[in-house]
Amino acid sequence: MKRFIFGTLLVFVGIQMQGQVRFGIKGGMNVSGFDMSSKQGVVIDFSNRFAFHAGGFAEIPVSSFFSVQPELLFSSKGARYTFINSSLPIYGIPSEKFKISLTPCYIELPVYLKASLEVGSGKLIVGVGPYIAYGVVGKCKVKMKSSYSYIGDPVEYMYSIGKGEKSVFKKGNLKMKVKSINYPNGHEVEREFDMDYLKRFDAGFAGFAGYELNWGFFVTAGFQKGLCNIDNFDDEGDKLKNKTFSLSVGYKF
C-alpha cells in the first residue's frame, strides 16, 4: 500500500509540468456484490446491494489523448443473502430463516490511465487502472424468523422473531433480542450468534467508459473487481471478494 501511494505521488510530480491539472467531483450509484469460492463446498447465493459513491478527482495530462486520473471516493458496497436452517417439525427442532445484510463502506483510491477521443461536442472517455481501499464503517444486520412445532401432549407451537446488528469489520458475536410467541406462554430472550467479519483492506482493478461534454459534465459506467480475500475466516478455505458495477455523473472544472 505504501509503495503504491509513493509511486502515485512520483507520477503526479513527474507529469504535472506537462499540462494543466484539472479537478472535478463525481458521484453515483453502486450495484455491489461478492464473489465467493469455498474448499468446504459452501454455496451462498448473494443478492446485489444498491448503494452509492461520491468524491473528487484530478486529471493530469500526459499527452493530447492520454491522462492520469487519481480519485478519492467514499464508496458503500456489500451484499445480502438468506440462510435457512430447516428440519422436520415432528422432532421439535425449529426451522430458522436468517436474512443477513453486509454493508461495508470504504475510502477508495483508484488511479486510472484515461484515454479521450473527440466525438461531436465532447469526448469518448475510457479508463483502466488499479485501486486500493480501506474499510472505515459498516454494519452486519440480521433479521430472524423461526417456527417450532412439537407433536406431543399437549401440542406446542412457537413463532419467534428477532433482529440485531454489529460492525462488519470487528470480531465478536452478534447479539439479538428474540421475541417468542407460543402456546400457552410467550417470552423474550437474548441470543448470540457467531458472525463472520470482513478485513478492512481491499485492492483490485477498475475501469470505466463514458462521454464527457466540452463544458465539463460527464457520465460514465464502470466496474471494480477485487483481488483480495476480505473474509476473515479464510483459514477455513473460503474466499470472498468484492465486485461492483457503477453509474456516475460528474463535473470537471
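The values are calculated or read from the model by the stated rules, or taken from the named source; none is laboratory data. Just so we're clear, the structure is a prediction, and the values are computed from it rather than from any experiment. Cβ: placed from backbone, ideal geometry, glycine included. Neighbour counts: every protein chain shown.
Against the list (1) touching a residue at least 60 places away in the same chain (Cβ under 8 Å); (2) closer than 26 Å to Leu124 by Cα, the condition Asp35 fails is (2). Screening region 143-170 for residues that are β-branched (Val, Ile, Thr) and modelled with pLDDT of 65 or more and picking the one that is surrounded by the most Cβ atoms within 10 Å (Cβ to Cβ) gives Val168.
In region 45-59, the residues that are more than 19 Å from Tyr131 (Cα to Cα) and free of Cβ contacts under 8 Å to residues at least 40 places away in the same chain reach residues that are of a type in the set (A, V, I, L, M) and part of a strand (DSSP E or B) with C-beta atoms within less than 8 angstrom, at least six apart or across chains, in these pairs: Phe46/Met36; Phe46/Ala79; Ser47/Ala79; Asn48/Val31; Asn48/Ala79; Phe50/Met29; Phe50/Val31. Out of the residues in region 210-225 meeting the condition of being surrounded by fewer than 19 Cβ atoms within 10 Å (Cβ to Cβ) and within 21 Å of the chain's Cα centre (by Cα), tell me which one is nearest to Phe253 (Cα to Cα). So the residue we want is Ala221.
Over 16 Å from the mean Cα position of the chain (by Cα) and at positive phi: does that describe Gly207?
On the way: over 16 Å from the mean Cα position of the chain (by Cα): yes; at positive phi: no.
Spelling it out, it is not the case that Gly207 is over 16 Å from the mean Cα position of the chain (by Cα) and at positive phi.
Would you be able to say whether some residue in region 131-142 is in a strand (DSSP E or B), modelled with pLDDT of 90 or more and hydroxyl-bearing (Ser, Thr, Tyr)? Scanning region 131-142, I find at least one residue that is in a strand (DSSP E or B), modelled with pLDDT of 90 or more and hydroxyl-bearing (Ser, Thr, Tyr), so the answer is yes.
Would you say Thr8 is surrounded by 15 or more Cβ atoms within 10 Å (Cβ to Cβ), among the β-branched types (Val, Ile, Thr) and modelled with pLDDT of 90 or more? Here the answer is no, as Thr8 does not meet what is asked. Filter region 209-239 down to the residues that are outside any loop (DSSP other than H, G, I, E, B) and closer than 18 Å to Val136 by Cα, then identify the one that is modelled with the lowest pLDDT. Among those residues, the one meeting the criterion is Asp231.
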